[in-house]
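Input: a single structure, listed below in structure tokens.
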Amino acid sequence: MKTKLFVSKLNLITKALFSMTPAQREVVHQSIQALDTEISANELIQPLFDMLSQCPHCHSSQLKKWGMSGSIQRYRCKDCLKTFNNKTSTPLAKLRKSYLWEEYARCMVLKLTLREAADICHINLRTAFLWRHRFLSAQAGKNHDKLSGIIEVDVDFPHFTRQFLIQNNTLPQTWRAKHRLYANDAF
């Protein structure tokens, strides 16, 4: 019931935004940004964990809360007696500075270099490198679309003779030296 109500209200807001002028939309945008409170990564992850709460080690659903580590809730499995938090066995496990992840992801979307991203986020270059590989490896498994049916590939390679490549100086220097071919050589 709450979802349908939310969707209907969201549709009304969307219709109202489409009827506004660009200047009015900008005023609404600035008002929303002024009210926007920062949501931590843990606040985003916790509801997902609560829906699928199970032990990452033995997949049991028999859990109990086992204290806090900073602001992150820890849990203990009643079956295997191992402790964990909501990020265990995820790509975000054991990563620090969670308040910078969103900013770093934004740098990745903008295709900034590692050095630029490290400077913007005020992190070490090695940390930027490790985060990039961690985030990319998490995304790598999501694009396994298999091709099916008939696939045609048409590639046209221009045919160049060795004589043409030698005259235009496009052969690699090592190949020319090794084979001692010059423009006036006979083939």
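Please treat every number below as a calculation from the coordinates, not as lab data. What you see is a predicted model; the values in this text were computed from it and never measured. Cβ: placed from backbone, ideal geometry, glycine included. Neighbour counts: every protein chain shown.
Numbers at a glance
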| quantity | calculated |
| --- | --- |
| Global form of segment 42-89, assessed from the alpha-carbon gyration tensor, a/c cut-off 1.5 | oblate |
| Extension reserve of the Leu35-Asp50 stretch, reckoned as 0.36 nm per residue once the Cα distance is removed | 2.7 nm |
| Inter-probe distance in nm under a simple model that places probes 7 Å from Cα toward Cβ, at Ala138 and Arg96 | 1.8 |
| Extended-chain gain in nm, criterion 0.36 nm per residue less alpha-carbon gap, Arg126 and Glu103 | 6.6 nm |
| Segment Thr113-Val7, extension gain: residue separation times 0.36 nm, minus the distance between their alpha carbons | 34.2 nm |
| Surrounding net charge for Ala117, when Lys and Arg each add one and Asp and Glu each subtract one, Cβ distance under 14 Å | +3 |
| Spacing of the two label points (7 Å from each Cα toward its C-beta) at Phe18 and Ser148, in nm | 3.4 |
| Environment charge of Arg96, counting only residues whose C-beta is closer than 15 Å and scoring Lys/Arg +1, Asp/Glu -1 | +3 |
